[in-house]
Amino acid sequence: MNILEDLQRLKDSGISRTKAAEALGMPRFKLEEILEVVGIDWPKQVGGTVEIDGVVKTLHAHAEALGVPPTTLRQRLKAGSDLTGPSKIVPVTSEEAHAFAELRKDGVPAWEAARQMGRPYNTLKNAAKKFVPDYEQITSQAPRIRRSADEIDLAS
């Protein structure tokens, strides 16, 4: 094998130029000079590479292969959780958003409506803004009912 084949193989493997230079036993600047001379386009990688199940690729390449967003993969790696499993976060459906909006329209306080729906308030509010066209009008007319200290203690 010659150096051009080695360079192409390393580039195709998805590792960074720094790791490739280490594998070839040369400093990175030397590798970059060689790449420039032979005309190999090897884009810089932001965030470096990650090894998953013996495969070294960029975080973005692994995420694409696994079908998850890079941020999700980064969080799962940090937490040591299952990398290929389905997301534990279930998006709020349009029906749930409309049900939340109806509760708010009926005068149910936001915190109580969220409790009844079994979802965090901010998650429901954001979904309602997305799925319910008149949600802003509903909330502007809804009474502001704050929780008492006892209710806050019970929720904790």
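The values are calculated or read from the model by the stated rules, or taken from the named source; none is laboratory data. Predicted model only: the values in this text are computed from it and were never measured. Neighbour counts are summed over all protein chains in view; Cβ atoms, including those assigned to glycine, are modelled from backbone coordinates with ideal geometry.
Laid out as a table, the results:
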{"read-out": "Set Ile40, Ile34, Ile52: member being in contact with a His (Cβ under 6 Å, 6 or more places away or on another chain) and in contact (Cβ under 8 Å) with a residue 24 or more places away in the chain", "value": "Ile52"}
{"read-out": "Entirely in segment 1-108, the helices (runs of 4 or more DSSP H) that have 2 or more residues that are within 30 Å of Gln141 (Cα to Cα) and in contact with a helix residue (DSSP H, G or I) (Cβ under 9 Å, 6 or more places away or on another chain)", "value": "94-105"}
{"read-out": "Members of segment 62-112 found to be under 30 Å from Asp12 (Cα atoms) and of a type in the set (Gly, Ala, Ser), listed by number", "value": "Ala63, Ala65, Gly67, Ala79, Gly80, Ser81, Gly85, Ser87"}
{"read-out": "Top-ranked residue in segment 134-156 [being closer than 15 Å to Lys105 by Cβ and part of a helix (DSSP H, G or I); ranked as modelled with the lowest pLDDT]", "value": "Gln141"}
{"read-out": "Flag for Gly25 being among the small types (Gly, Ala, Ser) and exposed (fewer than 14 other Cβ atoms within 10 Å of the Cβ)", "value": "yes"}
{"read-out": "Segment 90-132, residues that are surrounded by fewer than 20 Cβ atoms within 10 Å (Cβ to Cβ) and basic (Lys, Arg)", "value": "Lys105, Arg115, Arg119, Lys129, Lys130"}
{"read-out": "Scope segment 86-130; condition within 22 Å of the chain's Cα centre (by Cα) and aromatic (Phe, Trp, Tyr); matching residues", "value": "Tyr121"}
{"read-out": "Residues (in a helix (DSSP H, G or I) and within 19 Å of Arg146 (Cβ to Cβ)) located in segment 118-133", "value": "Tyr121, Asn122, Leu124, Lys125"}
